[in-house]
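Enquirer: Below: one structure in structure tokens.
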Amino acid sequence: MAKPGELQYRVECIFCGRRFLVDSMSSKIPKHPPKGVTVEPYMPYVPYPGSGTVGAIIETVVKGFDNS
């Protein structure tokens, strides 16, 4: 996990377009359902094919003290 002042990367799933914040350019995006599908804690879902792959980099973000 990045500390305040360190770089993070906003990446996009190349299959569904969902965006995630990761700590390195080579980080794999987490398991996720398709874009537009909400996740309920009691409902299982099948992870989207883009889960566990490296996403397309959208922007770099400097982690601050008040953002995640």
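Enquirer: Looking at (1) at pLDDT 90 or above; (2) in a loop (DSSP other than H, G, I, E, B); (3) among the aliphatic types (A, V, I, L, M), which one does residue 11 not meet, given that it meets all the others?
Expert: (2)
Enquirer: From the list 39, 46, pick out the single residue that is modelled with pLDDT under 85, exposed (fewer than 12 other Cβ atoms within 10 Å of the Cβ) and either in contact with a Phe, Trp or Tyr (Cβ under 7 Å, 6 or more places away or on another chain) or outside any loop (DSSP other than H, G, I, E, B) (or both).
Expert: Values: 46 fails: either in contact with a Phe, Trp or Tyr (Cβ under 7 Å, 6 or more places away or on another chain) or outside any loop (DSSP other than H, G, I, E, B) (or both).
From the options 39, 46, the qualifying one is 39.
Enquirer: Now a separate question. Take the conditions modelled with pLDDT of 80 or more, outside any strand (DSSP E or B), of a type in the set (Phe, Trp, Tyr) and at negative phi and apply them to residue 20. Does it pass? So that I can check it myself, show each step before the final result.
Expert: Numbers: modelled with pLDDT of 80 or more: yes; outside any strand (DSSP E or B): no; of a type in the set (Phe, Trp, Tyr): yes; at negative phi: yes.
Against the criterion (modelled with pLDDT of 80 or more, outside any strand (DSSP E or B), of a type in the set (Phe, Trp, Tyr) and at negative phi), residue 20 does not qualify.
Enquirer: Within the stretch 1-43, which residues are out of contact with any Ser or Thr (no Cβ under 8 Å at 6 or more places or on another chain), of a type in the set (A, V, I, L, M) and farther than 12 Å from residue 54 by Cα?
Expert: Matches in the stretch 1-43: 1, 2, 37, 39, 43.
The values are calculated or read from the model by the stated rules, or taken from the named source; none is laboratory data. Please read these numbers as outputs of a predicted model, since none were measured by experiment. Methodologically, a virtual Cβ is constructed for each residue, glycine included, from the backbone with ideal geometry; neighbour enumeration extends over all protein chains shown.
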